[in-house]
Amino acid sequence: MTSMIPVKEFAERRRKLMDHMAPDSIAILPSAPERVRNRDVLHPFRQDSDFHYLTGFGEPESVLVLIPGRAHGESVLFCKERDPSKEQWDGFLVGQEGAVERYGVDDAFPIGDIDDILPGLIEGRSRIYYPLGKDRGFDTRVMDWVKVIRSKVRTGARPPGEFAAVEHLLHDLRLYKSANEIKVMAKAGEISAQAHCNAMKLAREGLSEYHLEAELIHTFRQHGTRETAYPSIVGGGVNGCILHYIENSEPLNNGDLVLIDAGCELECYASDITRTFPVSGHFSEPQKALYNVVLNAQYAAIDAVRPGNHWNQPHEAALNVLTQGLIDLGLIAGPVDDAIANETFKPFFMHRTGHWLGLDVHDVGDYKVGDAWRQLEPGMVMTVEPGLYVSPGNTDVDERWRGIGIRIEDDVVVTKDGCRVLTDGVPKTIDEIEALMAG
């Protein structure tokens, strides 16, 4: 499958990172390692997000080196060599020529030669940027390369004197999505929305949560996305009150709601959608009452996603609506300002209203700059996901409310004049949901 992000964009990202690096510095970033699932079976490989952001290169056992000002090429990739006998078993390898031709790096060397070559590239550089402390094994390798240079100090070699975490620079770049990144995320959102619609249409008493999970995965793969962005949550009835419920093994029962939090991953970019709907296709009156509070809270939060507002304003908008709704329904006492100040809403709403979204489902980027909430700017992508959860064991409320869990979540990109919802292909009003399920 051809990438929706052109090779030149990865080169531009590398250029931007190098522009932010200190003079006479070098950046070293490893690919993700392969992970053993059990005995000689590996987990499906998924590239490290930072490494993918800078290369688009999908193989393990690779290292990207960025050397601003190097005459023979500023971007160097160490990767596996072509080997027909290995490729017979495990599939095509890009190799050094392919790395230059297909991925636009300036130079490429066999990964097996890195111990011989990399110390020479580090020598004379004053600072090394790398994922400091992320992987103990890689920390050791970096220090081993530096020790090689230190052993030659008497011959005039100059080892680096500073080490810095590359994430400090890189993650701020990743926070602002390009037009191409937004296209990928919009496509992922479109596929995930279709999967949620299919699960709604399939749902009925007699099936189990895993039947709906299977429908999600089937739709994802039908549209060319092999992976979920995170383990899918399909919680029927009281399981919808468990925020990270992933067993997905219980039967679906008429009279219950089912909460699905699921999204596909496309070209390593995540989508993240939650919808809550009735197994029978019809909401009960208590379910309708709580559902509309959550829906109105989400509308208020999305309306607060706009340039110039700060990160916490959508959460504050949602929290106001949720708290007032709980008061109106008699689940907590008012007034709303006191209920928020005293956190009497907390038994029913215990999480934030969103998070950054991108190559990671909980994507990188600071939420505060100094002591102040970060201002929203065009290109930032976030989720908006208010919810209400009434524990089945909460004897402080009337029985009719107990065991109802509701969350509504969409992916939203900040635009120049407001925001755009990337996942609006799946219905979320009561009338729309009931109509879809009836159809």
Inside the range 375-406, can you point out the residues that are touching a Gly at 6+ places or on another chain (Cβ under 8 Å), in a loop (DSSP other than H, G, I, E, B) and within 30 Å of Pro307 (Cα to Cα)?
Leu376, Met380, Glu385
Counting only residues that are touching a residue at least 40 places away in the same chain (Cβ under 8 Å) and in contact with a Ser or Thr (Cβ under 7 Å, 6 or more places away or on another chain), the range 355-378 contains a total of 4
With of a type outside the set (A, V, I, L, M), closer than 27 Å to Ala179 by Cα, open to solvent by 50 Å² or more (accessible area, probe 1.4 Å) and within 21 Å of the chain's Cα centre (by Cα) as the only criterion, which of Ser3, Ser49 stands out?
Ser3
Within the range 321-337, is even one residue farther than 19 Å from Thr429 by Cβ, under 22 Å from the mean Cα position of the chain (by Cα) and open to solvent by 40 Å² or more (accessible area, probe 1.4 Å)?
no
Number of the condition not met by Ile149 [criteria: (1) in contact with a helix residue (DSSP H, G or I) (Cβ under 8 Å, 6 or more places away or on another chain); (2) without any contact (Cβ under 8 Å) to a residue 40 or more places away in the chain; (3) surrounded by fewer than 16 Cβ atoms within 10 Å (Cβ to Cβ)]:
(3)
So which pairs qualify, if the first residue must be in the range 399-417 and modelled with pLDDT under 95, the second must be surrounded by fewer than 24 Cβ atoms within 10 Å (Cβ to Cβ) and among the polar types (S, T, N, Q), the Cβ gap must be under 8 Å, and the two must be at least 6 apart or on different chains?
none
Are there any pairs with C-beta distances below 7 angstrom linking a residue in the range 110-122 that is over 22 Å from Gly161 (Cβ atoms) and at pLDDT 95 or above to a residue that is part of a helix (DSSP H, G or I) and not hydrophobic (A, V, I, L, M, F, W, C), with the two at least 6 apart or on different chains, and if so which?
Pro110/Gln96
Please verify whether Ile408 is among the aliphatic types (A, V, I, L, M) and open to solvent by 10 Å² or more (accessible area, probe 1.4 Å), treating the condition exactly as stated.
no
Given (1) in contact (Cβ under 8 Å) with a residue 60 or more places away in the chain; (2) open to solvent by 90 Å² or more (accessible area, probe 1.4 Å), Ala11 misses just (2)
Count - residues of the range 258-309 that are under 16 Å from Leu388 (Cα atoms), of a type in the set (Ser, Thr, Tyr) and in contact (Cβ under 8 Å) with a residue 60 or more places away in the chain:
3
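The values are calculated or read from the model by the stated rules, or taken from the named source; none is laboratory data. This one's a predicted model, so the numbers in the text were calculated from it and none came from an experiment. All Cβ positions, glycine included, derive from the backbone under ideal geometry; neighbour counts span all protein chains shown. Remember, those area values only see protein heavy atoms, side chains included, never the ligands or the DNA or RNA. Shrake-Rupley method; radii C 1.70, N 1.55, O 1.52, S 1.80 Å.
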